[in-house]
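The values are calculated or read from the model by the stated rules, or taken from the named source; none is laboratory data. The shown structure was predicted, so the numbers you read here are calculated from the model rather than taken from an experiment. Here Cβ is always computed from backbone atoms with ideal geometry, including for glycine, and neighbour counts include all displayed protein chains. Just so you know, the surface numbers come from the protein's heavy atoms only, side chains and all, with ligands and any DNA or RNA stripped out. Shrake-Rupley method; radii C 1.70, N 1.55, O 1.52, S 1.80 Å.
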Amino acid sequence: MKNYKNIFSVKNKVCVVTGGCGGIGSVLSEAIHHNGGKVIILDKMKNAKFLKKKIAFYECDLQNENSIKETIKKIIKKYKYINCLVNAIGISNENSFKDNINVNLIAVYNITKTISESMKKKGGSVINITSLNAELGFSNNPGYVSSKGGLKLLTKSFCLDYAKYKIRFNNLGPGYIKTKMTRKKYLNLKERKKRIDRIPLGRYGNPDDLIGPVLFLMADASSYMTGQDLYVDGGFLAKGI
Ligand SMILES: NC(=O)c1ccc[n+]([C@@H]2O[C@H](COP(=O)([O-])OP(=O)(O)OC[C@H]3O[C@@H](n4cnc5c(N)ncnc54)[C@H](O)[C@@H]3O)[C@@H](O)[C@H]2O)c1
């Protein structure tokens with residue numbers, strides 16, 4: 001009989017989390033760590049909370065290609081192999097089309113390409129955090145919408161190019177999650193109500209709501225899934241009128 005016991009396990013998987021000091025990335029990093037994964041955070045911002053734990057931190061501005069190459073070289077020298085990459089880096093800047101594209105699309109492309117090349121020997125799993133903005137238009141932030149729409153298809157493009165190396169790429173699309181990024185609108189009662197009225201489960205999500213889906217996409221349980229979009233949005237995208 002086959003052993004189905006550990007199909008959801010991420011134990012001993014070496015996992016790079018970009019944006020791992022952010023609202024979503026920090027929770028995912030902790031959760032992967034608690035489930036036995038070896039977490040390495042790449043972020044441009046230090047977060048003291050992580051320095052105390054057994055989670056590695058490399059300060060790295062992912063807009064700098066040289067910095068990416070040097071950091072990944074160091075990580076591979078130390079850990080030998082990277083099994084998983086979770087891209088939780090991101091910005092939302094209503095005032096600059098270019099900044100959104102530079103971070104959410106180009107920086108994610110560069111880190112993903114570099115790590116994917118290193119995963120060719122034994123395969124791996126890459127999870128890109130997209131958004132409802134990868135499916136729908138939202139006003140006043142065309143750069144963010146375009147960056148997430150582009151990221152959605154970047155994932156599918158990578159999935160084709162690296163399938164022969166057994167590297168899987170999937171998108172995880174959160175709905176409205178309570179973090180620094182969404183705080184301003186959340187604190188505005190009118191804006192908050194507008195969003196909650198549109199969500200079938202009737203609440204904002206928490207970063208914790210993303211843990212199960214991320215562990216699933218990292219683990220063998222999802223071994224025949226690649227190029228997919230998994231939305232964790234309280235039903236937002238399922239709703240018509
Ligand atoms: N919060 C939400 O409701 C929500 C919804 C859908 C999608 N998302 C996406 O989830 C991801 C995480 O969002 P969050 O809410 O945790 O945001 P956040 O602002 O709390 O975290 C983003 C992290 O990315 C890091 N970062 C930004 N630019 C960087 C760079 N050039 N180099 C290295 N690190 C950089 C920041 O330092 C920060 O730690 C983003 O891609 C965001 O677009 C968030």
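For this structure, a couple of remarks:
- Any chance N47 is surrounded by fewer than 17 Cβ atoms within 10 Å (Cβ to Cβ) and more than 9 Å from the ligand (Cβ to nearest atom): no
- Unique residue being over 24 Å from G37 (Cβ atoms), within 13 Å of the ligand (Cβ to nearest atom), open to solvent by less than 70 Å² (accessible area, probe 1.4 Å) and under 19 Å from the mean Cα position of the chain (by Cα) when the list is N133, N128: N133
- Exactly one residue out of K193, K152 is at pLDDT 95 or above, open to solvent by 80 Å² or more (accessible area, probe 1.4 Å) and of a type in the set (K, R): that is K193.
- Hits in region 162-186 (condition: open to solvent by less than 10 Å² (accessible area, probe 1.4 Å) and more than 15 Å from the chain's Cα centre (by Cα)): Y162, I167
- Scanning region 12-20 for residues that are farther than 29 Å from A134 by Cα and touching a Gly at 6+ places or on another chain (Cβ under 8 Å) turns up at least one hit.
- Any hit, region 12-31, residues being open to solvent by less than 80 Å² (accessible area, probe 1.4 Å), over 14 Å from the mean Cα position of the chain (by Cα) and of a type in the set (G, A, S): no
- For region 79-125, filtering for residues that are within 11 Å of the ligand (Cβ to nearest atom) and either closer than 18 Å to H33 by Cα or open to solvent by 10 Å² or more (accessible area, probe 1.4 Å) (or both) leaves 14.
- Condition met for Y165 (without any contact (Cβ under 8 Å) to a residue 12 or more places away in the chain and more than 16 Å from the ligand (Cβ to nearest atom)): no
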